[in-house]
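Heads up: the structure comes next, in structure tokens.
Where a number appears in this text, it was derived from the coordinates with a stated rule and is not lab data. Everything quoted here is computed from the prediction, not taken from an experiment. For neighbour counting, all protein chains shown are included, and Cβ atoms are generated from backbone atoms with ideal geometry for every residue, glycine included.
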Amino acid sequence: MANVTIAVNTSSSDVEYDGSGATWMPISPANDYLVFSAGSDAVDDGLSIPTQSQLIQAGVILTGVETIVDRYFLADVSYNLLREIHLMGNQDTQYVMAFDFDDSTATEPVLELWDDANLNTITGTSLGAGTSSNSWWRGICTTTSSSGADWSGVTMAGSADGRFLYLNDGDGPLIAADTLYCNLKIVVPSTASTGANTTPKFAVKYTSN
């Protein structure tokens, strides 16, 4: 049975998982979470995980113009630290978020986004308030190449066709242990009029041999 370890690259080196010169931090699915922010004196790399009030104060301001968020963090709960994911976002990078499988799979692994662990609704503001095409989340598979500059990717929300990522770049199941990659970004639409303080759930789905 294939098991997967999920990790993010918190260095500025675009180097593969466990490669020399990069710092890959495993994510604890039950505890850790991602933060997107404009940043502030209280929301920055290496600081304690901020309070909800501090996060709101450092939030991205709605201006009536489409805004691409440029700062992303891992909230490392076990150490109570924010760790900036320097390569995540609207930039030409490849080794940002890793999915390390220790065996082959029977189906291609996919990455989905949902409101909560029940994996059955996408009503949150950042997921498009029920309309997946309006989701703020974008994703792109970077297993075989970097994302490219100013990439478009997939608008992510739920499991409808075109709203999730094939992590093996559409090449099917893994025939052996392998590491897959993706990049993510938040694009706040110009029509957004309601802020979002939500924690959507990532789901990595696959079946084992």
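Highest first, please rank the peptides 91-102, 47-58 by the mean number of other Cβ atoms sitting within 10 Å of their residues.
Peptide ranking by packing, descending: 91-102, 47-58.
Let me spell out the model: positive unit charges on the Cβ of Lys and Arg, negative unit charges on the Cβ of Asp and Glu, origin at the Cα centre of the chain. What dipole size does that give, in debye rounded to 20?
Once rounded to the nearest 20, the dipole reads 600 debye.
At 222 nm, what helix-only mean residue ellipticity would the chain give, in deg cm²/dmol to the nearest 500, using -39500 (n - 2.57) for each DSSP H run of four or more?
Calculated from helices alone, the mean residue ellipticity at 222 nm is -500 deg cm²/dmol.
Could you work out the relative contact order of the chain, using alpha carbon pairs under 8 angstrom and six or more residues apart, expressed as a whole percent?
26 percent.
Only Lys, Arg, Asp and Glu count, each charged at its Cβ (+1, +1, -1, -1), so figure out the dipole size of the range 1-108 about its Cα centre, rounded to 20 debye.
Computed about the Cα centre, the dipole is about 380 debye.
If you take the charge dipole of the range 116-209 about its Cα centre, with +1 on Lys and Arg Cβ and -1 on Asp and Glu Cβ, which of PRO173, ALA157, THR207 is farthest toward its positive end?
ALA157
What is the diffusion coefficient of the range 140-207 in µm²/s, taking the Kirkwood radius over Cα pairs and the Stokes-Einstein relation at 25 °C with a viscosity of 0.890 mPa s?
173
Restricting to DSSP loop positions (anything but H, G, I, E, B) with no more than 13 other Cβ atoms inside 10 Å of their own Cβ, which GluC sites (Glu not before Pro) remain in the range 1-94?
Sparse-neighbourhood loop GluC sites (Glu not before Pro): GLU66.
Cβ neighbours within 10 Å, averaged per peptide: list 185-192, 120-127 in order, most packed at the top.
My ranking of the peptides, most packed first, is 120-127, 185-192.
Most mobile of LEU87, LEU119, LEU180 per a Gaussian network model of the chain (Cα springs, under 10 Å)?
Taking springs between Cα atoms under 10 Å, the residue moving most is LEU119.
In whole Å, what are the extents of the chain along the principal axes defined by its C-alpha atoms, from largest to smallest?
47, 37, 33
Say the dipole of the range 4-205 comes from +1 at the beta carbon of Lys and Arg and -1 at that of Asp and Glu; which of GLN94, THR191, LEU82 then lies farthest toward its positive end?
Among GLN94, THR191, LEU82, the one farthest towards the positive end of the dipole of the range 4-205 is THR191.
Of SER135, MET1, PRO109, whose Cα points farthest to the positive end of the dipole of the chain (charges on the beta-carbon: +1 Lys, Arg; -1 Asp, Glu; origin at the Cα centre)?
Highest projection toward the positive end goes to SER135.
Compute the distance from the alpha-carbon center of the range 122-140 to that of the range 1-74, in whole Å.
Going from one Cα centre to the other spans 19 Å.
If I build a Gaussian network model for the chain, linking alpha-carbon pairs within less than 10 angstrom, which residue out of GLY153, GLY139, GLY46 has the largest mean-square fluctuation?
Maximum fluctuation in the GNM of the chain, among the listed residues, is at GLY46.
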